[in-house]
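Quick notes on the structure that follows.
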C-alpha cells in the first residue's frame, strides 16, 4: 500500500506530506512534520493534549486522520506566537505559573485560545466547562483558570 | 569547606519572589522536549506484547513468524534479558516485571517485544507472536488474597516478620509493626471507643505523559537512553544492573517529564528498549499507550484497614491502633509498612500500635504515588478521629489540637519530633473563615490532617560562573514542576546576583555525579541545600580571586551583596568587585570559577497539613460536588510560592479524584475494565472550585533557609477531609473510597432501610 | 487500509457495497477512530462522508428539520431554529464529549455507533426522530430507535448509510428535555440518560408524551408506560412519582464499570422526573 499524498496549510505554511491511511493527524504532525508540540496523552480524545485547530475548529488531532486534512488549514501550538511575540495566553500562563510539568500546556493553550476567540469574556464557569476536554494532573486547574481570566482581561484591553 | 546546613534567620532578596520559570517559554511554545519528542537516526519503533491473563503460566513463545515479517529488526523475550540477579530478590522482581519469565502475574504483564521499521509493521509483528498460556486461578482483591483458599502467587513467599516463620506459603509477604505503650490498657481507660473498617480502591498517578524512551546500544557496548523519568541516575543504575552493563557505559538523559508523582521512579520498559536496541543494532523508540500505562505501570495499593481509637470524655486519646492490609501487585514491597508508620503520626499518643501486611495480588506492581501509602491510612484514621470527636461532642479541630503531636513528641513510628507544624496548621484552620461559613441543606464540611516524612538523600550539584558573571547551575534532580526556578532563586540569593543571571539545567548522568530521584519531596529541599553549598564554595573561590586581584590576604575579603569587599581600614579605597569583574579576570587569576557540592542532604523536616472541604451531595443520585476547598500546609520556607501553592493545589485535586471517582475496576476474569481516561475518571476543570492555599513557614532547623519538602503532604488529607464532609452531608459514615455515586446512594438506601 | 472521500451519496454507498473486506463510515470519527487504536481492530476501508455536500447542512422546511449526517454537534448548537424547537435534542447532542469532540461528532454517528449510552439517542427517540437511510436499493425511512439493534450493532445493510435525521416541527405548547447522569461534570459516558418530549393542551394538561431512557438496556428504550403515567396530568407530584416508578420498573440494566443495576434503576426514575419537569416548563413557555 502506498502512502496518500496530502497538501494542507499548517501554521500558514503550505505543506505536503505522504501518510498511511490509518495515520492520525497527530502522527503526521509529530512523526512526519516534526511538530511535536501536540502531545499524545491518551490517543482517545479524552485528554486534549493533542488539541489543534482544524479549519477554524478545535479538535483532538489524535481523532483526525492525516488523510482528512487534504486542503485544510491547521493551526498548532508552534504557530501561536507571532515571531518572538508570545500570545497573551502564553504570557499569562507563564506569569501565573499555570503549568507544572507542562505536558498539557500546548493543548490547554490551543483550547483556551479557541474559547476566547468564540467568547472573549467568559465567566469562570464557562472557562471551566470550555476547558473540560483538557486534562491537567499537576495544577488542580486553579492557576490555569486564573491565567485564562487574566489573558481575557488583557485581550479585551482591561 | 565544611557545609553548615543549620537554619539561620535572614531576610531574602530573591527567595520568596515569583519570577517566570527558566523553562517556561519552551513549554508554552511547544518546544520543550518530553519523552516521546526525541528521535535518533535510524530509529526503530518498539512495541510490547502483554499478557491478556491475570495469572498464567507461560508455556512457549514462538517468535519465528514475527521475526520473518519484513521490516522486523528484533524480537525479544525473557531469554534476551537473562537473570543476573544472583540471589537479589528485588533485582529479580524488577526484571520479572519488565519481562515475564515463567509466569504472567497480571493483565498487561510484558511477555515479548518487537522493534520494527514503523508502527504498522510493529503492530503486525505483535500479532504474529504465538504465546501458549496455561491460565491459572487469580486473585485481585486484597482481603481475598489473604484467605487460606486464595491462589498463591509465589510458593516461595513465607510471611516475613512473623515469629515463628510460617510453614506454608501465602500471599502475605511481610508483617510490620510500630508503636509504643499498651493499647489494651489504653482502651480500658477510654470512655468512648470508635472502631471501624475501611477500604480504598487502587488508583493511578495519572500523569498525562505516557512512559517513553529512546534507547541506543552501540556495538562497543556503550549506550544512550533518553527517557522521561523522575531519576535518571537511578534508571542508569537499574538498567545497567538488569542488562549487565558497566554503569559508565550507559548515559541517561532525562527528558522534560510530563508528570510522575512516583510512577516514574521505577524502570518499566526501558530495559526492554535497551535489549531491543542491543539485538537490532539500531536505536529503538518505545512509547507506552495510555492503556499500557494503566495496565502495566505502577498504580498505588488497594487497601483494607481496621482502626480503633479510644478517648476520655475530656478529649484525650488513650489508645489508638490500626491494622493495615495493602496490595503490592505480584512482588513484595513495603507499602503497608509505610501506611503503618504514617497512620498516627499527627498525634501525641501514649498507647499506639500499628500492624501492616504486604499482600500480593494479580495486579500491576505497585509503585509510589505521592506520599505513598499515607492517604489511605489517613482516610481511615481521620475518619475515626472525626467520628470520635462527634461522639464526644467536641469540635473536630479542638479535638485534634488537644491530641496533636508537638516538639518532643515521640512519634507513633519511633523518632522524637523537632519543631513541627501540625499545631499551627490546626490553629490556622480554626481561625480560617472557611471553617465558619454557613452551610445549606445537603451540604457538609469536613477537615482532616496529614503527615509525610519527606526525604533528602544523595545530591550532587555544579555551579559554574561564566566569564560574563552569569551562572550556570547544573543539577541532577529532575525538575517535575518548577524546581529549576526555585534553585535559580537560591543560587541568586546566595551569590547576591539577579535571578535572571542564573540558568539552571538538569545535567545528564555523564556530566554530573549521582543524584537520587525526585521523590520523597526531596527535589527542592536537597538540591537547594546542595545549591547553597555549591554557591558558598564558588564564593570562596571568588574571594580568593579578589584577594589575588587586590593582592591582599583572603582573610581580608568578605562577600556581601554579590560583591567581594575588602575589609579593614587599610583597604578602604578599594571598590568592591562584582561577580562579573571577578569572572572577567578569571583567566588571569587561576582559570574558571566553579563551586561544587556533593552531599547526603540530611534533616528533611517532617511535614504536616490540614485541609478543609465543603461538599454538596445530591441525595437522589449520590453525586458529590466539591464546593470549597482550603489547604493549609507548612512549607518551612516557600522558595517560589507559586510552585508551593501549585503543589498544594495539585495534591488536593488528585486527592479529590481519588476520594470521589478514581478506581481500578477489574472484571471477574481479572482483566482491567477501565484502562483509559474515559472510565478512569480524573478530575476535569469543571469538577473543581478554586483551591485556596495558606502557606505556613515553620523553619526546618536542618536547612539553611528552613526549607521543607512540600510536594507530597498535600495528597494525604483529602480522602479523609472529603469523606468527613460527605459523611456530614448525608449523615452516614462513608467507609469505602472512592465515594462514587453508586456507593453513596447504596449507603443512603441502607440507612433508609435501617 | 484504504481511505476514500466520495462526493456523492451514491458513490459512498457503492464503495461500501462493493468492498469485500471490513468497511466503516467515517463522519466525525470520535468513536470510530478511538476503536481504530485497538490492536484488535482491522479495517479494509474507511469511507469519509464529510465531502458529500448534502450531508453537511441542516434544512428547515414547513414539515421540519433535516439534519445531514455530517453536521457536527457544535453546528447543531448554533442552529437557532432547531434549538428553539427541540432544545432537548440539541442539549443532548451538545453533551457529547468536550469542545474538541463537539467540533467533530454527529448525531447520526452517535446513533450508528449503537451504544446504549449514546446521549443524543434518547432525546431523538423522545422527539420521534426518523433516520433516512440511503443504500444500493434507494432510500428508506425508519424511526431512529430501529437503527441500533444491540450494543455496537445496527440494522443497516451493506452499503447503507444514515444520510439524514428528520425531526418534525413542533405544535404549540410543546417542549423536550434530556438529562443524563455522569460521575464527573463532563467527559463521561452516561450512566443513565432520560429524554422526555411533551405537548400540552390549552389547560396545561399533557396531551402527548414520549419518554426514552438510555444506558439501562442493550438499546435505548422508548418507555410507553412512563408516558402513560403522565398523560392527562399536569405533572403533579403523584404523576411524577408514577413516571419515576414506571421508568425504574422498565429498566433492564447491568452492573458494569459505570454503575450498578440498583443505581441505574433508581436514577432512571429520578432523571426522568427531572427531565419531565423541564420539558413541562418549556411546553408552558415558562
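The values are calculated or read from the model by the stated rules, or taken from the named source; none is laboratory data. Everything quoted here is computed from the prediction, not taken from an experiment. A quick note on method: Cβ atoms are made from the backbone with ideal geometry, for glycine too, and the neighbour counts reach across all protein chains shown.
From the list A:86, A:65, exactly one residue is more than 14 Å from the chain's Cα centre (by Cα), within 8 Å of another protein chain (Cβ to nearest Cβ) and surrounded by fewer than 20 Cβ atoms within 10 Å (Cβ to Cβ). Which is it? Give the steps one after another, and end with the answer.
Working: A:65 fails: surrounded by fewer than 20 Cβ atoms within 10 Å (Cβ to Cβ).
Criteria check complete, one pass: A:86.
What number of residues in segment A:31-46 are more than 25 Å from residue B:674 (Cα to Cα) and facing chain B (nearest Cβ under 8 Å)? Don't jump to the end; show me each part of the working.
Taking segment A:31-46 as the starting set, the residues that turn out to be more than 25 Å from residue B:674 (Cα to Cα) are A:31-37.
After this cut, where a residue has to be facing chain B (nearest Cβ under 8 Å) as well, the list is A:35-37.
Residues that pass the stated criteria total 3.
Give C:279, C:275, C:227, C:246 a once-over and let me know the one that is at negative phi and within 14 Å of chain B (Cβ to nearest Cβ). Break it down stepwise before answering.
Values: C:279 fails: within 14 Å of chain B (Cβ to nearest Cβ); C:227 fails: within 14 Å of chain B (Cβ to nearest Cβ); C:246 fails: within 14 Å of chain B (Cβ to nearest Cβ).
That would be C:275, the only listed residue that is at negative phi and within 14 Å of chain B (Cβ to nearest Cβ).
I'm told residue B:62 meets every condition in (1) closer than 30 Å to residue B:295 by Cα; (2) within 14 Å of another protein chain (Cβ to nearest Cβ) except one. Can you identify the failing condition by its number?
Of the numbered conditions (1) closer than 30 Å to residue B:295 by Cα; (2) within 14 Å of another protein chain (Cβ to nearest Cβ), the odd one out for residue B:62 is (2).
I need the helices (runs of 4 or more DSSP H) fully contained in segment A:53-158, keeping only those with at least 2 residues that are touching a strand residue (DSSP E or B) at 6+ places or on another chain (Cβ under 8 Å). I'd like the intermediate steps shown before the answer.
Numbers: elements: A:88-95, A:105-118, A:124-130, A:142-155.
Where helices (runs of 4 or more DSSP H) fall fully within segment A:53-158 and carry at least 2 residues being touching a strand residue (DSSP E or B) at 6+ places or on another chain (Cβ under 8 Å), they are A:105-118.
What is the residue count in segment A:3-30 for residues that are farther than 30 Å from residue B:682 by Cα and either within 13 Å of chain B (Cβ to nearest Cβ) or touching a residue at least 60 places away in the same chain (Cβ under 8 Å) (or both)?
Of the residues in segment A:3-30, the ones farther than 30 Å from residue B:682 by Cα are A:3-21.
Keeping just the survivors that are either within 13 Å of chain B (Cβ to nearest Cβ) or touching a residue at least 60 places away in the same chain (Cβ under 8 Å) (or both) gives A:3-4, A:6-12, A:18-21.
Looking only at that region, the number is 13.
Scan segment B:167-188 residue by residue and report those that are assigned to a loop (DSSP other than H, G, I, E, B) and within 30 Å of residue B:719 (Cα to Cα). Steps first, answer last, please.
First pass over segment B:167-188, keeping only residues assigned to a loop (DSSP other than H, G, I, E, B): B:167-171, B:181-182.
Scanning segment B:167-188 gives B:171, B:181, B:182.
Might you check whether a residue that is within 19 Å of residue B:678 (Cβ to Cβ) and buried (at least 21 other Cβ atoms within 10 Å of the Cβ) occurs anywhere in segment C:73-90? Spell out the reasoning first.
Let us first name the residues in segment C:73-90 that are within 19 Å of residue B:678 (Cβ to Cβ), namely C:73.
Checking which are buried (at least 21 other Cβ atoms within 10 Å of the Cβ) leaves us with C:73.
Yes, there is a match, as at least one residue in segment C:73-90 is within 19 Å of residue B:678 (Cβ to Cβ) and buried (at least 21 other Cβ atoms within 10 Å of the Cβ).
Residue check, residue B:695 against (1) surrounded by fewer than 24 Cβ atoms within 10 Å (Cβ to Cβ); (2) closer than 20 Å to residue C:183 by Cα; (3) touching a helix residue (DSSP H, G or I) at 6+ places or on another chain (Cβ under 6 Å), all met but one. Which one?
In the conditions (1) surrounded by fewer than 24 Cβ atoms within 10 Å (Cβ to Cβ); (2) closer than 20 Å to residue C:183 by Cα; (3) touching a helix residue (DSSP H, G or I) at 6+ places or on another chain (Cβ under 6 Å), residue B:695 misses (2) alone.
From the list B:635, B:653, B:668, pick out the single residue that is out of contact with any strand residue (DSSP E or B) (no Cβ under 6 Å at 6 or more places or on another chain) and either buried (at least 24 other Cβ atoms within 10 Å of the Cβ) or within 10 Å of chain A (Cβ to nearest Cβ) (or both). Step through it out loud before you land on a result.
Working: B:635 fails: out of contact with any strand residue (DSSP E or B) (no Cβ under 6 Å at 6 or more places or on another chain); B:668 fails: either buried (at least 24 other Cβ atoms within 10 Å of the Cβ) or within 10 Å of chain A (Cβ to nearest Cβ) (or both).
Selected residue: B:653, the only one of B:635, B:653, B:668 that is out of contact with any strand residue (DSSP E or B) (no Cβ under 6 Å at 6 or more places or on another chain) and either buried (at least 24 other Cβ atoms within 10 Å of the Cβ) or within 10 Å of chain A (Cβ to nearest Cβ) (or both).
If you go through segment B:7-21 one residue at a time, do you hit one that is closer than 30 Å to residue B:123 by Cα, within 14 Å of another protein chain (Cβ to nearest Cβ) and either at pLDDT 95 or above or surrounded by fewer than 20 Cβ atoms within 10 Å (Cβ to Cβ) (or both)?
no
A quick yes/no check of all residues on (1) in contact with a strand residue (DSSP E or B) (Cβ under 9 Å, 6 or more places away or on another chain); (2) buried (at least 24 other Cβ atoms within 10 Å of the Cβ); (3) closer than 20 Å to residue B:723 by Cα:
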residue	(1), (2), (3)
B:324	yes, yes, yes
B:329	no, yes, no
B:353	yes, yes, no
B:379	yes, yes, yes
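Output the residues belonging to segment B:735-754 that are outside any helix (DSSP H, G or I) and surrounded by fewer than 23 Cβ atoms within 10 Å (Cβ to Cβ). Break it down into steps so the answer makes sense when it comes.
First, the residues of segment B:735-754 that are outside any helix (DSSP H, G or I): B:735-740, B:754.
Residues satisfying the conditions are B:735, B:736, B:754.
Among the listed residues B:641, B:675, which satisfies the condition of being within 14 Å of chain A (Cβ to nearest Cβ), surrounded by fewer than 23 Cβ atoms within 10 Å (Cβ to Cβ) and either at pLDDT below 95 or within 25 Å of residue A:127 (Cβ to Cβ) (or both)?
B:641
Working only within segment C:188-198, note down all residues that are touching a strand residue (DSSP E or B) at 6+ places or on another chain (Cβ under 8 Å) and either in a strand (DSSP E or B) or within 14 Å of chain A (Cβ to nearest Cβ) (or both). Walk me through it before giving the result.
Going residue by residue through segment C:188-198, those that are touching a strand residue (DSSP E or B) at 6+ places or on another chain (Cβ under 8 Å) are C:190-198.
Matches in segment C:188-198: C:192, C:193, C:194, C:195, C:196, C:197, C:198.
Looking at segment C:113-121, can you tell me whether even one residue there is within 18 Å of residue C:176 (Cβ to Cβ), assigned to a helix (DSSP H, G or I), away from every other protein chain (no Cβ under 14 Å) and in contact (Cβ under 8 Å) with a residue 60 or more places away in the chain? First the steps, then the outcome.
Of the residues in segment C:113-121, the ones within 18 Å of residue C:176 (Cβ to Cβ) are C:118-121.
Now restrict to residues that are assigned to a helix (DSSP H, G or I): C:120-121.
From the residues that got through so far, the ones that are away from every other protein chain (no Cβ under 14 Å) too are C:120-121.
After this cut, where a residue has to be in contact (Cβ under 8 Å) with a residue 60 or more places away in the chain as well, the list is C:121.
The answer is yes, given that some residue of segment C:113-121 is within 18 Å of residue C:176 (Cβ to Cβ), assigned to a helix (DSSP H, G or I), away from every other protein chain (no Cβ under 14 Å) and in contact (Cβ under 8 Å) with a residue 60 or more places away in the chain.
For (1) more than 8 Å from every other protein chain (Cβ to nearest Cβ); (2) over 16 Å from residue B:29 (Cα atoms); (3) at pLDDT below 95, each residue gets a yes or a no:
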| residue | (1), (2), (3) |
| --- | --- |
| A:70 | no, yes, no |
| A:77 | no, no, no |
| A:102 | no, no, no |
| A:125 | no, yes, no |
| A:132 | no, yes, no |
| A:136 | no, yes, no |
| A:142 | no, yes, no |
| A:152 | yes, yes, no |
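What do you reckon, is residue B:509 part of a loop (DSSP other than H, G, I, E, B) and outside the structural domain of residue B:701 (by TED's automatic domain parsing)? Explain how you work it out, then say what you get.
On the way: part of a loop (DSSP other than H, G, I, E, B): yes; outside the structural domain of residue B:701 (by TED's automatic domain parsing): yes.
Considered against the rule, which asks whether it is part of a loop (DSSP other than H, G, I, E, B) and outside the structural domain of residue B:701 (by TED's automatic domain parsing), residue B:509 comes out as yes.
Give me a count of the residues in segment C:199-235 that are touching a strand residue (DSSP E or B) at 6+ places or on another chain (Cβ under 7 Å), part of a loop (DSSP other than H, G, I, E, B) and in contact (Cβ under 8 Å) with a residue 60 or more places away in the chain.
5
Take the conditions farther than 22 Å from residue B:65 by Cα and modelled with pLDDT of 95 or more and apply them to residue B:95. Does it pass?
Yes; evaluated as a whole, the condition is true for this residue.
Tally time: how many residues in segment B:688-708 are assigned to a loop (DSSP other than H, G, I, E, B) and more than 14 Å from every other protein chain (Cβ to nearest Cβ)?
Pass one, segment B:688-708, residues assigned to a loop (DSSP other than H, G, I, E, B): B:688-690, B:697-708.
Going one step further and asking which of them are more than 14 Å from every other protein chain (Cβ to nearest Cβ), we end up with B:697-708.
Total meeting the criteria: 12.
Identify, from the list C:20, C:37, C:50, the residue that is without any contact (Cβ under 8 Å) to a residue 40 or more places away in the chain and farther than 27 Å from residue B:675 by Cα. Full working, then the answer.
Numbers: C:37 fails: farther than 27 Å from residue B:675 by Cα; C:50 fails: without any contact (Cβ under 8 Å) to a residue 40 or more places away in the chain.
The match here is C:20.
Hey, does segment B:185-199 have a residue that's surrounded by fewer than 23 Cβ atoms within 10 Å (Cβ to Cβ) and under 28 Å from the mean Cα position of the chain (by Cα)?
yes
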